[in-house]
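Undergrad: Here you go, one structure.
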Amino acid sequence: MVKLLRTIRTEERRDVWVAFVTLFWLVGSHAVLETARDALFLSRIPAARLPLVYLAIAAASLAAVQVHARVAGSLRARSALGLWIAAAAGGTFAFWALLPGLGASGLYALYIWSGVISTIALLQFWTLLSGTFSITQAKRLYAPIGLGSVLGATAGSAAAGAMAGAVAARHLVLVAAAGFAVSSLLPRWLRDPGAPAPDKPERAREWGALADAARFALHHPYARRLVGLTAVAAAVAAVADYLFKSSAAASVRPAELAQFFALVYAALNAASLVVQLAVVQPALRRLNALGALAVLPAALALGGVGFAAAAGLSAALLIKSADGALRHTLNRTASELLFVPMPSWARSRVKALADSVGQRGGQSLASLAILGAVGLGAPPAALGVGLAGLGALWLVGLLDMRRHYLDLFRGQLDQDRLAPLHGIPELDVASLETMIATLDSDDEAQVIAAMTVLERDRKARLVPALILYHPSETVVEGAIALFVRAGRRNALHALDHLVDHPSVRVRQAMVAARSALAFDERWLRMRLSEEESPEVRAAIMVNLIAAGDVFGSDARDALDSLLAHGTAAARVALAEAIA
């Protein structure tokens, strides 16, 4: 916890804490609503009907995202977030008041409502944050902000469990509505980034319809794969959720479902808290975002194999444990990071497409598959095999995504090469590999940008000494200066190679670096006797004088001679060497 807090800089504290508290109340309120929804639905309606609800949520979410796109286009991001959460509060309160008279149809509607409002509210929340923070800030701050989600879910589930034994499950819906009402008041304290400026005139048009975002993603390899991965992840989640809830409905008495779900969700959220505090930041620091994303599908694929071998509530709980501990912590944070490097004009559109069409499309396909399996009388173990297969497909998709993730990073480097300290994220494993590979580029601007970023991240030791053999004079001069600043004595062997370099400026820089890293009077005097360039001879003499090996009248006479008889270039070289 302390390490997470230390990543927050003074000027960032307000935005981080407001985002944290907003997410805490929002997710906590939804956790209470989720407990009530599951208990009310499964106590009166067969679990086999769940895939129908998933399909309805997918359709309703698509319509809601279209409305969201048009409303958000006319409001500032902060106002849109507050509006959606306020609508969640009002709608949830209406369900509490009307549920007794709605019968079974009301339970279906409540289930769908809870799925839709969570999609829209969290979509708007993370879209607002992606415009508020740069990618470098996001990699530091999303973990502490995401802690609000875990703590909120834990607190919400614990509160629902404490109340479930004393009040009817329906009254938990009223508690959730009150929590949403509190949440709706908080976004006004967030810094609003406003509308992002388009990169090109043709991008200035309104992208309200999902069809426009779909056309963009269709022609953008990275965006297309993001949406596809979101669909596969949603299909995995739908199958895992069905296995858990159908197993619970078959094993737990209806009257005890509310307490059972509250207890399980509270335990899972406590595990999520441990993961958020102890795993997320180290994983993001040591792995790339795609490596961190591979943990959940690998765990669920193994869980699917286990369920296929021994179907039942215990196996389903293991699957739910992996999903509950990782999906909203490590997986959510890493997933959000995949959107941040995209241009601001495309980020929110692609995210809306992924969270609606991708997520709900994957959920719909999985629901249809479950309905087909149940209708054909397939045993529960068959769904375990399906879960394992989907987890494996998710892993394959992540492997395919890696190349496009690195291509996007290289493009970011190319755009920011004239000011590399501002646009490049803190390096993870994949981006570090990209940086080192970029050092072999023929584009001198890219090489210099890569060296600057490595030095910024205190990884100058990873710049190979062989870069001094680069054909670009500018690159070689930049590398020499970097090696001096980093105290890289292990580069001396490559520096000595530069004594015959055709560039006078490179040989001057080499003399200065050689003297700074490992001063050697005999070497300098030998070079003085062999060097033909007046400019390089001036640099050698200044270094000998500075070290005290030439002093007194000899030093004065040498300098006077250079000033009186040296060429203009030699006098400039003398001034530069003295500087």
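Undergrad: Based on the mean of other beta carbon atoms within 10 Å per residue, what is the order of 378-386, 482-490, most packed first?
TA: Taking the mean over residues of other Cβ atoms within 10 Å, the ranking is 378-386, 482-490.
Undergrad: Return the Rg/Rh ratio of segment 217-275 with Cα-based radii and a Kirkwood Rh.
TA: Looking at segment 217-275, the ratio lands at 1.21.
Undergrad: Give me the extension gain from Asn490 to Arg13: residue separation times 0.36 nm, minus the current Cα-Cα distance, reported in nm with one decimal.
TA: So the extension gain works out to 167.5 nm.
Undergrad: Give the Debye-formula value of log10 I(q)/I(0) at each listed q (0.09, 0.20, 0.22 Å⁻¹), with one equal scatterer per alpha carbon of segment 264-380, two decimals each.
TA: Reported log10 I(q)/I(0), two decimals: -0.32, -1.22, -1.29.
Undergrad: Using the alpha-carbon centroid of each, what span in Å lies between segment 34-68 and segment 457-501?
TA: Measuring centre to centre over Cα atoms gives 61 Å.
Undergrad: Any chance you could check the Cα centroid distance between segment 16-33 and segment 313-366 for me, in angstrom?
TA: 18
Undergrad: Which value in Å does the Kirkwood hydrodynamic radius of segment 115-195 take, with 1/r averaged over all unlike C-alpha pairs and then inverted?
TA: Numbers: mean 1/r = 0.0678 Å⁻¹.
Every distinct Cα pair counted, the radius reaches 14.8 Å.
Undergrad: Please pull out the direction-averaged projected area of segment 74-162, using the convex hull of its alpha-carbon atoms, in nm² to one decimal place. Don't skip to the end; give the middle numbers.
TA: Working: hull surface 29.6 nm².
Orientation-averaged projected area of the Cα hull: 7.4 nm².
Undergrad: Once R0 is set to 60 Å, what does the formula 1/(1 + (r/R0)^6) return for the Cβ-Cβ distance between Asp443 and Leu302, expressed as a FRET efficiency to the nearest 0.05? Intermediate results must be reported in sequence, preceding the final value.
TA: On the way: r = 44 Å, r/R0 = 0.73.
My answer for the efficiency is 0.85.
Undergrad: Keeping every protein chain present and rolling a 1.4 Å probe, give me the accessible area per residue for segment 21-135 in Å².
TA: That works out to 34 Å² for each residue.
The values are calculated or read from the model by the stated rules, or taken from the named source; none is laboratory data. What you see is a predicted model, and the numbers here were worked out from it, not measured in a lab. Because the Cβ atoms are built from the backbone with ideal geometry, glycine has one as well, and the counts that use them run over all protein chains shown. Areas reflect the complete protein model, heavy atoms only, side chains present, ligands, DNA and RNA absent. Shrake-Rupley method; radii C 1.70, N 1.55, O 1.52, S 1.80 Å.
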